[in-house]
Structures are given as structure tokens and as C-alpha cells.
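K.L.:
Right, I'll just put the structure down here and ask away after.
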């Protein structure tokens with residue numbers, strides 16, 4: 001026990017992401033950074049693309065390779081979440097014998113270049129050639145990334161069993177399951193809180209409200225953003241009084257009962273999630289989406305596509321409703337059902353909130369990763 005405590009007290013970690021703020025990988029890194037700091041673990045963040053003035057100033061004064069170099073020299077664990085340069089970053093870390101944890105937020109490290117293999121399955125340990133998405137020599141690229149991972153020998157984690165299984169097969173190494181977590185309120189938002197959130201957005205307090213959200217909004221290809229308007233029309237036909245919110249795009253505009261919003265910082269997204277009665281989450285492929293967890297944490301019922309790791313978050317009919325992949329009419333009907341039946345909607349959202357508080361809270365995620373850091377440190 002004393003040895004374990006000494007390891008825990010001596011841990012320091014630097015999280016590395018492609019983007020400073022936006023996207024699921026950066027959000028997980030930010031949540032972990034905050035939770036670890038609250039637990040007394042020294043934690044910092046490096047990134048390749050700044051998205052704020054402070055971030056730009058930081059990169060100018062100390063480029064991200066220098067930040068990583070200093071952290072490695074100081075004995076920190078490097079926790080990689082995303083990068084635009086997997087080849088270069090893996091070689092950089094291996095050359096410095098960096099003690100590394102990698103979280104797989106998508107398939108880029110384990111496949112031949114794609115974010116998610118929608119049209120194929122790499123659980124057999126190889127990429128199809130020719131690639132359905134047109135990537136050149138996908139199997140050669142997969143083998144190269146596998147070799148670079150082997151040279152570094154990191155601890156690898158996946159938030160979903162769906163990705164974990166395929167990654168372990170492709171990389172031929174152990175991959176640890178660490179489900180994502182988000183900050184979880186002590187109590188579920190009540191009717192008064194939801195009414196106040198709707199009022200702040202200019203929505204009638206009694207209006208049944210559905211939210212679509214993704215980084216990129218209707219341009220989010222893997223989140224089926226191109227289908228959002230179609231699904232919304234189907235919902236509106238079944239529940240004429242419904243109000244819709246589409247968040248994550250580039251601008252703010254109103255179109256009748258539909259409110260379109262740009263990318264939202266976490267505190268603003270929290271208000272929108274609280275205002276929503278239902279999260280409608282169409283997706284073509286997904287690892288372990290934070291949007292689903294954050295909807296649960298803010299008291300919104302979830303209707304989603306039954307793909308990837310979503311099925312590990314949502315049990316159909318228990319804590320949400322699932323539609324078969326790409327069956328947008330079914331997803332719209334599920335969403336309309338929840339909007340039209342408030343008691344059923346509250347039942348599912350209550351179960352999701354209570355189960356998620358135990359399974360998907362941010363502190364549990366941070367504790368799991370702290371254990372992995374201790375393993376890396378030996």
C-alpha cells in the first residue's frame with residue numbers, strides 16, 4: 001500500500017491533443033486535466049492547433065514539441081489523445097523513451113488512415129485493399145503504424161469495447177477498456193431548471209425540445225449531419241409543436257421552430273443540454289460519444305443510432321431508445337415518441353442519469369487513468 005501511495009503521489013502527466021479546445025478528444029483531455037488536478041496529480045496540456053488567444057500566445061512562446069520535451073525530461077507520463085502527425089509523434093516519443101499512454105478516440109492509429117471504418121471491419125487484423133474510402137495502400141499504412149506503436153510500447157486504452165476489440169486485433173497487443181466520463185451533477189435537473197434553460201434560449205417553457213449536436217453541425221459527416229434536416233422534418237410531422245436545436249455549426253439563426261447554434265463552449269452547451277427534453281443522435285460510426293453522456297447528465301432522454309460504442313452507453317428501452325444503423329425514419333419516430341410521451345421520457349432520462357452517475361462520471365474515468373499512469377511508471 002505504501003508503494004502504491006508513493007506512485008500515486010509522484011505522478012505527473014501531460015495530455016497531448018491536436019486541437020486546443022474542440023472535439024471529443026480535446027474535451028476528454030480537458031476533463032481529465034481538471035479532475036486529476038483536483039485529485040492532487042500534476043497535470044498539463046499541449047496541443048498542435050490553438051483555438052484561443054491564450055493558446056496562440058502559448059504556442060508562440062513555447063511550441064508543443066518543446067513542451068513535450070520538457071515534460072518527458074521531468075519524468076511526466078505523456079497521455080496522447082489525438083494528433084495530425086501519428087508517424088512523427090510516435091517516433092518522437094520512442095526516441096526519448098517517453099512513458100506513454102494513448103487513448104484511442106477513433107481508428108486513425110489502428111486502421112489505414114480512416115477515422116472510422118464504416119464500410120468494413122478490421123477485427124480480422126487487416127484493412128481491405130482496395131480501401132472502400134479510397135485511401136492508398138491502407139494495409140501498408142496500418143502495418144507501419146503498428147510497427148511505430150511497437151517501437152514506443154505504450155499503454156493503450158479505448159473508451160469502447162467495440163474499438164478495443166478491433167484495435168487489439170490490428171495492433172496485436174493488449175488494449176485496456178476505459179469508458180469515457182463527464183462531470184456529473186449530484187442531482188438531475190428538475191422541471192424548474194429545464195424551464196429556466198428554455199427561457200434563456202427564447203424557447204417557450206412548455207415546448208417539447210429536441211437537440212441535435214456534433215462538432216461541425218450539419219457538416220459532421222460521421223454524425224450524419226447531412227440527415228439532420230430530414231430527420232427534423234419527420235419529427236415535426238409527428239409532433240407539430242416540437243422545437244428543435246441544432247448545435248455545433250458555424251452560425252446562429254432561427255428558422256421557425258428550429259434554432260441553429262454554432263460550436264458551444266462547455267458551460268453554454270450545458271445550458272442547451274438542460275433545455276433539451278430529448279437528444280436525437282444520428283451517427284454512422286461512433287466510439288463512446290460524450291454528447292450522449294452529457295445529455296444523460298443533464299436530464300435529456302436519448303434516441304440514438306445503434307452503432308459502435310453507443311450500444312455500450314444506451315440499452316434500448318432501459319435508459320434510452322436505439323434505432324438500427326441508418327434507419328433515420330425509425331430514429332425520428334423514437335424521438336417523436338419521447339417528445340409526445342413526457343412520462344416515458346422522464347422515466348428513461350431518470351434511469352440514464354442514475355446509471356450514468358455510477359458508470360460514466362468524470363472522477364471514475366480519472367481514477368482509471370491514474371491507475372494506468374502508475375502502471376506506466378512501474
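Every read-out reported here was derived from the displayed coordinates using simple, explicitly stated rules and does not represent laboratory data. Remember, it's a predicted structure, so these values are computed and weren't measured experimentally. Counting neighbours? That spans all protein chains shown, and the Cβs are built from the backbone with ideal geometry, glycine included.
K.L.:
Nearest 10 degrees is fine. How inclined is helix 328-340 to the longest principal axis of the chain, computing both from alpha carbons?
P.N.:
Between helix and principal axis, roughly 60 degrees.
K.L.:
Another one. Between the stretch 125-195 and the stretch 250-274, what is the separation of their alpha carbon centroids in Å?
P.N.:
29
K.L.:
In whole percent, what relative contact order does the chain give with Cα contacts below 8 Å and a gap of six or more residues?
P.N.:
15
K.L.:
Based on alpha-carbon positions alone, could you give the equivalent ellipsoid semi-axes of the stretch 149-242 from the gyration tensor, as √(5λ), descending, whole Å?
P.N.:
Working through the eigenvalues yields semi-axes of 39, 20, 11 Å.
K.L.:
Take every Cα-Cα pair in the stretch 1-135 and report what % of them are more than 18 Å apart.
P.N.:
60
K.L.:
If you count the DSSP beta bridges with both ends in the stretch 191-359, what percent of them are antiparallel, to the nearest 5?
P.N.:
Roughly 15 percent of the beta bridges in the stretch 191-359 run antiparallel, per DSSP.
K.L.:
Next up: For the stretch 191-359, state the semi-axes of the equivalent ellipsoid (square roots of 5 times the eigenvalues of the alpha-carbon gyration tensor), sorted largest first and rounded to whole angstrom.
P.N.:
That gives 20, 18, 16 Å for the three semi-axes.
K.L.:
Further question on the same structure: Rank the residues 255, 137 as a footprinting-exposure proxy: fewest other Cβ atoms within 10 Å of their Cβ go first.
P.N.:
Least to most surrounded, the residues fall as 255, 137.
K.L.:
Please report Rg over Rh for the stretch 56-106, where both radii come from the alpha carbon positions and Rh follows the Kirkwood definition.
P.N.:
Checking Rg against Rh, the ratio lands at 0.96.
K.L.:
Give me the orientation-averaged projected area of the Cα convex hull of the chain, in nm², one decimal.
P.N.:
18.7
K.L.:
Between 0 and 90 degrees, rounded to the nearest ten: what's the tilt of helix 86-95 against the longest Cα principal axis of the chain?
P.N.:
Tilt of helix 86-95: around 40 degrees.
K.L.:
Against the longest alpha carbon principal axis of the chain, how many degrees, from 0 to 90 and to the nearest 10, is the axis of helix 191-200 turned?
P.N.:
90
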